[in-house]
Each structure stands twice: as C-alpha cells, then as structure tokens.
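J.: Below you'll find the structure I mean.
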Amino acid sequence: MIQRSLRLLPTVPDASTVSESTTLIDRYTGRDDHATCLRYVFPEQVHQSPNPGIMLVDTSMDEHVLSRLTSIDASIWHVVWVRDEAKATATIDASEGTSMWPIAPGDSIRVPSGAGLQITGGQLGVLITVPTPHAPLALASPAHGVDDFHEHNRRTTYPTLDSTATHRRKITQPLDLSRHHDNPVIVFSLAGDLAIATPTESLTLRRGEAVIAKTDRPVTIYPAGLSYVYTITW
C-alpha cells in the first residue's frame, strides 16, 4: 500500500450543536449544514497517540458552548474572527478562581484541564484539546504571539501546551514546511486558497479545511497571492 504524505482531514458536524439558521461556520467554509461546531477527524493510517482534538467553533449563538467542549481536557482557543471586537472577552473559570480578559482575532488562550471557557463578542475560532497534559497549567492572559520572518513569510509563535505547538503563518511565497517541522504537521487554512505539495502529491486547501502532512520529505505551501494558515504539531 502506498503511504500518502498528505491527508485531508474529514469533518463531522457536532450533532448537539447544529443550529436552525445559518452559522459563522457556514459563511466561513461555504457549508450549509448549520453547524456551530465542526470536528476534524484523524484518518486511522496517520494516528499518533494521543492525538489532539481539533474543532472549528462558532460561539455567536451560545456563549457557553466552549465550557462544554473544554470541561475535561486542557485546550487552546485560537480566535479567527470576531463579530463585535469591543465586546470580545475570554473568561476562564478554574479551581483557583475566575479570570476575564479582552481577546482579539489572532489571539490564543490556553485553558487548564477541568476549567470552563466562556467567550463573548460572537467569536469564530479553532479549538484544540490536549488529552494528557503532563504539567499543571497556570492561568495566563491571551497571547498575540511572537513574530519572526522566513524570507517574506511571517510566522507567529504561541505559547505551547505540553508538547502541542501552534503557529500562525502569513504566506506570500512558497514555504517548505519540512524545513521548520520535524514531526507531522496539521495545516489549517485560515484565509486564501492555497496548494500544498510534495514531490509526488498535491492538493488544494480552501478556507476552513485542514490537512495532515508528513515532513520526512519536502512539503511546500504555494499561496494564491496571500494566504494565512494555522499549524499544529504535537
């Protein structure tokens, strides 16, 4: 059997969070199933144990939806878009108390296991759940990350959660991910269509789609002008 280096992650709407009307996820991805939570499924052939959970979540219809999704595992909430930035906040209810901060597009916040996360302002974001964090996680305010550049491409690095690392990349020229990631990497398309290719495979990644890529060979992202991606390694 040929082992593929690029695998598009299938998506499944969370049945308990389907709305009767159009959602932010519908508008963002071009879907029409009215999901307020979209789960990304790992193909069995590329499983690493344990895998993070990955979801695209619309909080505009239920500010408490993330409390249900983050009540067990530690997690990362990355803000993609906000309907009302002046009212956008993130509140963590943990054993040591409750803390609230303003939050904006491009910010990430880490949530300890067992803590609840409440979001206001009508946010669309990527939620990553980490089943087995090895170290206690202290509460910290949302982080906008630290920027550096690889030629004309900008990389924003966020605080890690256990071994899970995330980056937001602004890509204006081809970027070989194998030069920056030793592990398999998940590439989530935030904005702009793009192509991702190895020497023997290629696919197009549209907004809201995610692919898992092995980096034991060149894996290059080709933007269509300007593209933004969110990468996850663990």
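J.: Kindly state, to the nearest 0.05, the FRET efficiency for Ala138 paired with Thr200, given R0 = 41 Å and r defined as their beta-carbon distance.
T.: With a Förster radius of 41 Å, E is 0.35.
J.: A follow-up question, please. How high is the FRET efficiency between Ser163 and Thr22 when r is their beta carbon distance and R₀ equals 41 Å, given to the nearest 0.05?
T.: Computed FRET efficiency for Ser163 and Thr22: 0.65.
J.: What is the set of long-range amide H partners of Cys37 at a cut-off below 5 Å, with H atoms built 1.01 Å from backbone N?
T.: Correct list: Asp14, Asp58.
J.: Also, quick follow-up: Rounded, prolate or oblate: which fits segment 146-233 when a ≥ b ≥ c are the square roots of the eigenvalues of the alpha-carbon gyration tensor, with rounded for a/c under 1.5 and prolate only if a/b beats b/c?
T.: Judged from the Cα gyration tensor, segment 146-233 comes out rounded (a/c under 1.5).
J.: Next up: Would you compute, from DSSP H runs of 4+ residues alone, the mean residue ellipticity of the chain at 222 nm, taking -39500 (n - 2.57) per run and dividing by the full residue count, rounded to the nearest 500?
T.: That calculation yields -1000 deg cm²/dmol at 222 nm.
J.: Treating only the Cβ of Lys, Arg, Asp and Glu as charged (+1, +1, -1, -1), what charge dipole size does segment 146-233 show about its Cα centre? Round to the nearest 20 debye.
T.: 200
J.: Follow-up question, since we're still on this one. Let's test the formula: R0 of 22 Å, r as the Cβ-Cβ distance of Arg154 and Val41. What FRET efficiency results, to the nearest 0.05?
T.: Plugging the Cβ-Cβ distance into 1/(1 + (r/R0)^6) gives 0.15.
J.: Ranking request for peptides 117-125, 148-156, 171-179: highest mean number of other beta-carbon atoms within 10 Å first, then the rest in descending order.
T.: For the peptides 117-125, 148-156, 171-179, the packing ranking is 117-125, 171-179, 148-156.
J.: Starting from the amide H of Thr23, placed 1.01 Å from N in the peptide plane, find each other amide H under 5 Å away whose residue is 5 or more places distant or on another chain.
T.: Amide H neighbours of Thr23, under 5 Å, 5+ apart: His34.
J.: What is the local net charge at Glu201, summed over the other residues whose Cβ is closer than 15 Å to its Cβ (Lys, Arg +1; Asp, Glu -1)?
T.: +2
J.: Cα gyration tensor of segment 30-175, axes a ≥ b ≥ c as square roots of the eigenvalues: rounded (a/c below 1.5), prolate (a/b > b/c) or oblate?
T.: rounded
J.: With θ set to phi - 60° and the Karplus curve 6.51 cos²θ - 1.76 cosθ + 1.60, what are the ³J(HN,Hα) couplings of segment 79-93 in order, to the nearest whole Hz, using x for Gly and Pro?
T.: Working through the residues one at a time gives 7, 9, 8, 10, 6, 10, 5, 5, 10, 7, 9, 10, 10, 10, 10 Hz.
Just so you know, all these numbers are worked out from the coordinates, no wet-lab data involved. If you're wondering where the values come from, they're calculated on a predicted model, not measured in any experiment. So basically every Cβ, Gly included, is an ideal-geometry build from the backbone, and we count neighbours across all protein chains shown.
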